[in-house]
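Single-structure report; data block below.
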C-alpha cells in the first residue's frame, strides 16, 4: 500500500491530477429483457470482462494444482525452509509469483480503464483495497475464494446501492468483511492454519 501511494503521487506530479477520458474501444451490447427504465442489458465490455476472468481463474487454478511451479508455490506457502531443503528454488518461486501477480494486476487495470473510460492517478487505489478485501473475504491462498470474495463484494455493493444510500456502499462491503472475519478468520474458502508443536 505504501509503494502504491508513492507511485500515485509520482504520477500526479509528472502527469497532472486531471481525469483523462479515453475513447471507447469496445461498444455495443445485448438486451436481455425489459423496456425503458426496466431495461436489463449486458455490454460487450462486460462480456469480455466475465470471459477473461473465468479463463484466467481456470488457467491459474490449473497452473497452481497441476504444474511443478504450482507445487513449488504451494510448498513455499506452507514452509519455505522445508521447501528449500527439498530442492525448491524459493527465491525464484517467489519472484515468479510476484511477476504473475503483476501480470494479473495489469490485465485487471486494463479492463477496468476500458470499462469506465477514464484514467487518473488515483484510479487503482480503491480497486486495490477492494481486491485485497476480496482475497481476505474468500480466503488468502484460495483462487476460487478470491473470486467468490470479489463476486460477493460486488453483489453487496450493487444491492446496497439499489435499496439504500449509494454513499455507504463501501461501508457495507467492509462491514460484511469484518463480520465474516470475526466468525471465520481464515475466510470463506481458506484453510485454517494448523500450528504443529
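The values are calculated or read from the model by the stated rules, or taken from the named source; none is laboratory data. In this text the structure is predicted, and so the values were computed from the model without any measurement. Cβ: placed from backbone, ideal geometry, glycine included. Neighbour counts: every protein chain shown.
Points to keep in mind about this one:
- Only listed residue being assigned to a loop (DSSP other than H, G, I, E, B) and without any contact (Cβ under 8 Å) to a residue 60 or more places away in the chain, chosen from 151, 189: 189
- Which numbered condition residue 34 misses (of (1) modelled with pLDDT of 85 or more; (2) touching a strand residue (DSSP E or B) at 6+ places or on another chain (Cβ under 6 Å)): (1)
- Criterion (surrounded by 13 or more Cβ atoms within 10 Å (Cβ to Cβ), outside any helix (DSSP H, G or I) and at pLDDT below 90) met by exactly one of 132, 121: 121
- Any hit, the stretch 164-182, residues being within 12 Å of the chain's Cα centre (by Cα) and either part of a helix (DSSP H, G or I) or modelled with pLDDT of 85 or more (or both): no
- For residue 94, the conditions (1) in contact with a helix residue (DSSP H, G or I) (Cβ under 7 Å, 6 or more places away or on another chain); (2) in a strand (DSSP E or B) are fulfilled apart from (2).
- Some residue of the stretch 136-149 being at pLDDT 85 or above and surrounded by fewer than 18 Cβ atoms within 10 Å (Cβ to Cβ): no
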